[in-house]
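Please read the structure below before turning to the comments.
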Amino acid sequence: MIKRLHINLLTGLVLSIVLLGIISAATTLITTRIYRGLTFDFERQYMSRLVAIKSSDILAQLEHNAFQLGLRIQASEDFKTARAANDEFVLSEELEQQFKQGLITENTVTAVGLYAFDLDFKLLGAALRDASGALDGPVLCPDLASKARLREGPGRLQPATEICLSGNRPYQAVIIPVGGLDPSGYLQVVSDPVSALYRLDEVLNMPIRIELPDDTRLYESPGWGEIPTASTVVSDFIVHTNDSRPAIRIAAARNADALVDKLDQTDTRLIAVVIAIILVSVATVLWFVKYSVFKPLQELSNRLRGGRLGGGDAVSEIPAALAPAAPASFQALGDLYETLRDMAIRDPLTGTYNRALLEDRLKQAIAEHRRTPTITAVMLVDLVRFKYVNDLLGHHTGDVLLKQVVERMAGVLRESDTLGRLGGDEFAIILPDTDGAQACQVAQKIMHAMESEFEVENHTLSASVSIGIALMPEHGEEVDTLLRHADYAMYAAKKSQSDYTIYNPNITEEAAMARMALDGVLNENIERNDLFLVYQPVLDFRTGRVNYLEALIRWRQPDGKVLLPETFIRVAEQSGLIRLLSEWIINTVCRELVRLQQVSPGLRVGINLSMHNLHDYKLTEVIGKALERYRLKAESLLLEITETGVMLDPNQVIEILNELVSMGLTLSIDDFGTGHSSLAYLKRLPVHTLKVDKSFVIDMDTDEDNASIVHATIDLAHNMGLTVTAEGVETRSVYESLKAMGCDYYQGYYVGEPMESAVIIDWLNNGRLTRSSR
Amino acid sequence: MLSVVMLGAAPAAAGDYVSPPSIEGAVTIDAEKLIALMVQRKDTVLIDSRLETDRVDGYIEGSAPLVDTRTDCDSLARLIGTRTTPVIFYCNGVRCERSGRAVRIAVSCGYREVYWFRGGIKDWQLKKFPLIQDDSE
């Protein structure tokens with residue numbers, strides 16, 4: 001993809017320039033072709049006019065010669081005598097005599113016939129150069145005489161001339177009046193214009209050909225046949241008779257080699273110029289683009305990549321590859337394009353899409369819905385307690401965890417689904433063409449994918465998620481509405497401690513806001529000394545003395561409010577931070593127990609363990625190290641575990657519990673009666689004591705059912721060789737009842753509330769139970 | 001500098017002259033009118049006011065040579081019968097002063113029917129009317 005982009009970029013620029021150049025070159029060539037045609041046309045027209053002018057000159061000269069001949073004839077004494085004799089034979093003889101004289105007179109060589117008329121154009125005598133008996137034959141160009149005869153007044157003194165066709169031959173006839181202002185007759189001189197026109201090739205310096213209108217060839221210049229027709233311009237000129245009939249066709253030919261050469265030269269020069277312009281343009285554009293666009297972009301790209309990707313291995317090689325060579329500039333632009341595109345739509349950390357793209361996709365889905373109604377699910381996924389990981393283990397660990405979470409989520413999604421990060425530990429998934437049930441299935445799959453633990457930088461972390469789902473169009477048809485509703489659903493899921501929730505209007509904003517507030521506080525204060533332990537004594541019915549102190553965790557909020565573990569332990573469990581929390585508890589208990597034992601030697605402390613701790617092989621190690629550190633005996637500690645914790649994975653739990661017991665610790669089952677413990681398993685557990693849940697104990701003096709449950713439990717435990725502790729003892733009557741039932745230990749406000757370590761030391765010193773104020 | 005002035009001035013003096021369209025006491029005529037007069041009024045006198053050397057190249061038939069410099073009442077009287085006889089003057093053309101000068105002299109001598117063929121030989125030749133050449137060769 002990147003590769004293709006580069007080729008397009010480079011060749012696109014160059015190709016478009018070259019293409020433009022080719023178009024202009026083609027246009028130029030076509031234009032030169034047109035102009036070449038025009039040039040030939042002009043040449044032909046020019047030649048035509050030249051032939052016309054020169055042939056007119058020759059014919060005019062011919063006419064002039066005839067006129068001069070006419071004048072000379074009438075001036076001769078012999079002619080005057082012959083005229084006076086009024087004998088046509090004498091006159092004709094005299095005219096013939098003119099030919100004999102004329103042969104040596106250059107001007108008259110073209111005369112072919114001479115005629116003498118009287119004033120009424122009656123033929124008086126005739127002579128033809130090449131024929132005898134001219135008097136009997138037809139007059140050449142007789143029409144001229146008829147026309148001249150029609151003239152009146154001074155016009156009759158003027159000569160008349162015409163070109164005529166006689167016997168298919170062209171002739172030029174000139175009538176000259178005989179005499180001065182009072183003419184006595186007329187002379188007609190007929191010449192051959194064709195032989196006069198032979199001179200044209202010399203005059204024009206071109207070979208010519210003279211033909212009759214019927215293509216009979218009359219004359220051809222010696223050089224005519226030698227001209228190659230391909231490069232010859234031939235022009236025609238037609239001499240017309242006075243009545244507009246074509247009489248002579250004169251063709252002139254000109255060798256156009258020089259002209260063609262010149263035109264070809266011009267073509268070549270034009271193409272050379274166009275190519276030069278293209279090359280210069282390409283070079284200029286490339287140079288310009290390189291320095292004005294690519295270079296800054298390359299630097300920008302490098303900086304972006306360097307800054308953004310934190311100098312990864314692949315990236316750090318790029319600057320070396322991008323030496324100042326020109327192709328690198330294109331590479332840089334392509335890279336920059338990719339980088340910018342990625343930046344625009346992708347989350348840099350996880351590589352998933354960002355909020356902008358998610359919102360865009362959602363917009364598309366909404367628009368699509370208006371055409372084809374389908375349901376689109378918007379899923380908001382929030383990593384529970386992710387902030388703890390960031391705060392305690394560092395941002396890098398958090399980042400790695402996020403990446404792994406994304407991988408697992410992506411694994412369960414369809415191709416058409418869109419996964420993106422909205423920020424922090426919050427993700428959104430758009431599931432097109434789905435429904436509520438399918439969306440829930442996807443949510444379950446994600447939950448399932450999160451079940452196994454994450455190995456992150458030598459830490460084993462668990463990451464659970466809360467998912468809120470909103471459906472389009474049911475829960476909104478706008479991007480903001482859908483995201484907000486999915487958000488409410490997600491916080492509702494957290495609040496109800498369910499894994500996922502589909503939005504419904506009952507989820508109020510306040511509920512979501514309250515949840516958010518709690519999150520914030522917990523996140524910020526985990527490492528401060530806001531966590532502390534309180535101790536509640538457990539007493540022995542028989543001796544009335546302290547059996548052990550149960551350590552309970554408390555969390556003081558900035559506003560002074562103290563949170564009970566019920567509100568935050570589950571959250572800690574979900575985020576995987578429960579181990580750290582338990583470790584803190586174990587160490588704190590051990591540290592404080594050292595002091596407590598100074599007051600009350602042999603004192604034991606009970607620690608509540610989360611069910612998550614029971615799956616942790618390191619638990620024994622943590623406890624062992626703490627005991628060792630504070631030089632405490634293992635018998636000093638008592639571990640309270642919940643029924644449900646045990647039931648989750650009994651085999652593994654039993655293994656750990658056995659190990660703990662073998663170390664010398666005492667085990668107690670907490671909150672007995674609330675779970676669904678299998679007695680069979682209970683028998684397999686290495687526990688020493690049961691703790692009856694306070695919900696049975698508190699009102700056993702009034703509720704007979706609870707009293708009998710407590711009684712049965714005590715009997716059962718005793719039968720199994722276990723001791724029994726009752727918690728929630730608040731009144732004397734309950735105390736008495738329990739004592740009567742043979743219960744071994746008791747705990748509750750009746751004997752003592754949970755007390756901070758300083759207080760419990762006083763309490764122990766007094767050896768008396770301090771009754772609460774209530 | 002001097003030669004330039006002379007080269008420019010000499011042809012200008014000869015070439016710039018154009019005769020007036022008409023002369024008081026005379027009628028300006030064209031070639032056709034001349035022919036008509038000559039044919040219709042047999043007593044008409046046609047006077048060629050040019051130099052004799054010009055006549056070698058051709059003259060209008062029936063014209064009598066009388067150069068303007070020799071024209072006066074006496075020389076005219078020798079050629080023209082009476083004061084009422086039609087008389088026509090011509091020379092080489094509109095750029096020629098001779099016929100005009102002769103016409104003025106004729107008018108001043110009291111001839112009543114003086115005609116001026118102002119176009120002269122130039123106009124005659126242009127219209128291809130016949131000129132007479134003495135067969136001298």
| remark: Toy charge model, Lys and Arg Cβ at +1, Asp and Glu Cβ at -1: segment A:340-423 dipole around Cα centroid in debye, rounded to 20, equals 180
| task | Please work out the ratio of the alpha-carbon Rg of segment B:15-100 to 2.2 N^0.38 Å and round it to two decimals. | result | 1.07
| request: Kindly write out, for segment A:188-202 in residue order, the coupling ³J(HN,Hα) from the Karplus curve 6.51 cos²θ - 1.76 cosθ + 1.60 (θ = phi - 60°), rounded to whole Hz, with x marking Gly and Pro. | output: 10, 9, 10, 10, 9, x, 5, 5, 5, 6, 3, 5, 3, 4, 6
| task | State which entries of A:Lys387/A:Lys694; A:Lys387/A:Lys625; A:Lys494/A:Lys618; A:Lys122/B:Lys128; A:Lys403/A:Lys561; A:Lys618/A:Lys694 exceed 25 angstrom in Cα-Cα distance in the structure shown. | result | A:Lys387/A:Lys694; A:Lys387/A:Lys625; A:Lys494/A:Lys618; A:Lys403/A:Lys561; A:Lys618/A:Lys694
| Fully extended, how many nm does the chain gain between A:Arg217 and A:Gln444 (0.36 nm per residue separation, minus their Cα-Cα distance)? | 70.8 nm
| task | Could you pull out every residue, at least 5 positions away or on a different chain, whose amide H is within less than 5 Å of the one on A:Asp671? Hs are placed 1.01 Å off N in the peptide plane, and Pro or chain starts have none. | result | A:Lys691
| said: Over chain B, with a Gaussian network built from C-alpha contacts below 10 Å, which listed residue (B:Pro86, B:Pro20, B:Pro65) shows the highest mean-square fluctuation? | reply: B:Pro20
| message | Skipping prolines and chain starts, which residues have an amide H placed within reach, meaning under 5 Å, of the one on A:Ser462, given they are 5 or more residues away or on another chain? | response | A:Phe454, A:Gly576
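Over all residues in A:469-479, what is the mean tally of Cβ atoms on other chains that come within 10 Å of each residue's Cβ?
0
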| remark: Expected unfolding gain across A:Ser452-A:Ala344 under the 0.36 nm per residue rule, minus the alpha-carbon gap, is 35.5 nm
| note | Between A:His240 and A:Arg732, the two model label points (7 Å from Cα along the beta-carbon direction) sit apart by a distance in nm of 15.7
| field | Proxy reagent accessibility, fewest Cβ within 10 Å first, across B:Trp116, A:Trp224, A:Trp763 | value | A:Trp224, A:Trp763, B:Trp116
| query | Under a point-charge model restricted to the Cβ atoms of Lys and Arg (+1) and Asp and Glu (-1), what is the dipole moment magnitude of segment A:161-227 relative to its Cα centre, in debye to the nearest 20? | reply | 120
| Once Lys and Arg get +1 and Asp and Glu get -1 on their Cβ, which of A:Ile623, A:Gly721, A:Phe672 lies farthest toward the positive end of the dipole of segment A:589-721? | A:Ile623
| request: Determine, from the Cβ-Cβ distance of A:Leu300 and A:Ala410 and an R0 of 35 Å, the FRET efficiency 1/(1 + (r/R0)^6), rounded to the nearest 0.05. | output: 0.65
| remark: Of the residues B:Met38, B:Gly62, B:Thr82, the Cα lying farthest along the dipole of chain B towards its positive end, which is defined by charges on the beta carbon of Lys, Arg, Asp and Glu, belongs to B:Thr82
| Using Cα atoms only, what is the angle between the long axis of helix B:98-108 and the major principal axis of chain B, expressed in degrees (0 to 90) to the nearest 10? | 50
| remark: Expressed in angstrom and rounded, the centroid-to-centroid distance over alpha carbons for segment A:5-64 and segment A:404-449 is 72
| Positive dipole terminus of segment A:184-252, leading residue within A:Ser235, A:Ser184, A:Ile208 (C-beta point charges) | A:Ser184
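Using the beta-carbon distance between B:Glu24 and B:Cys73 and R0 = 30 Å, what value does 1/(1 + (r/R0)^6) give for FRET efficiency, to the nearest 0.05?
So, using R0 = 30 Å, E works out to roughly 0.95.
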| Distance between modelled label sites at A:Val759 and A:Val622, nm, 7 Å Cα→Cβ extension | 2.7
| message | Quick check for me: using +1 on Lys/Arg Cβ and -1 on Asp/Glu Cβ, what's the dipole size of segment A:397-465 about its Cα centre, in debye to the nearest 20? | response | 80
| remark: Placing each pseudo-label 7 Å from Cα in the direction of the beta carbon, B:Lys127 and A:Val293 end up separated by a distance in nanometres of 8.5
| note | Under a Gaussian network model of chain B whose springs join Cα atoms within less than 10 Å, the largest fluctuation of B:Leu79, B:Leu51, B:Leu126 belongs to B:Leu126
| remark: Counting only residues 5 or more apart in sequence or on a different chain, those whose built amide H sits under 5 Å from that of A:Gly185 are A:Val178
| query | If you plug each phi of segment A:239-254 into the Karplus form 6.51 cos²θ - 1.76 cosθ + 1.60 with θ = phi - 60°, what whole-Hz ³J(HN,Hα) values come out, in order, with x for Gly and Pro? | reply | 8, 9, 6, 5, 9, 6, 8, x, 10, 9, 10, 10, 10, 10, 10, 9
| How large is ³J(HN,Hα) for each residue in segment A:74-83, as worked out from phi by the Karplus curve 6.51 cos²θ - 1.76 cosθ + 1.60 (θ = phi - 60°), to whole Hz, x for Gly and Pro? | 6, 7, 6, 5, 4, 5, 4, 5, 4, 5
| Hey, with R₀ at 45 Å, roughly what FRET efficiency would A:Asn86 and A:Thr28 work out to, going by the Cβ-Cβ distance, to 0.05? | 0.05
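Throughout, read-outs are computed from the coordinates displayed, never taken from laboratory work. All figures in this text were calculated on a predicted structure; none of them were measured in a lab. Quick reminder, even Gly has a Cβ in these numbers, built from the backbone with ideal geometry, and neighbours come from all protein chains shown.
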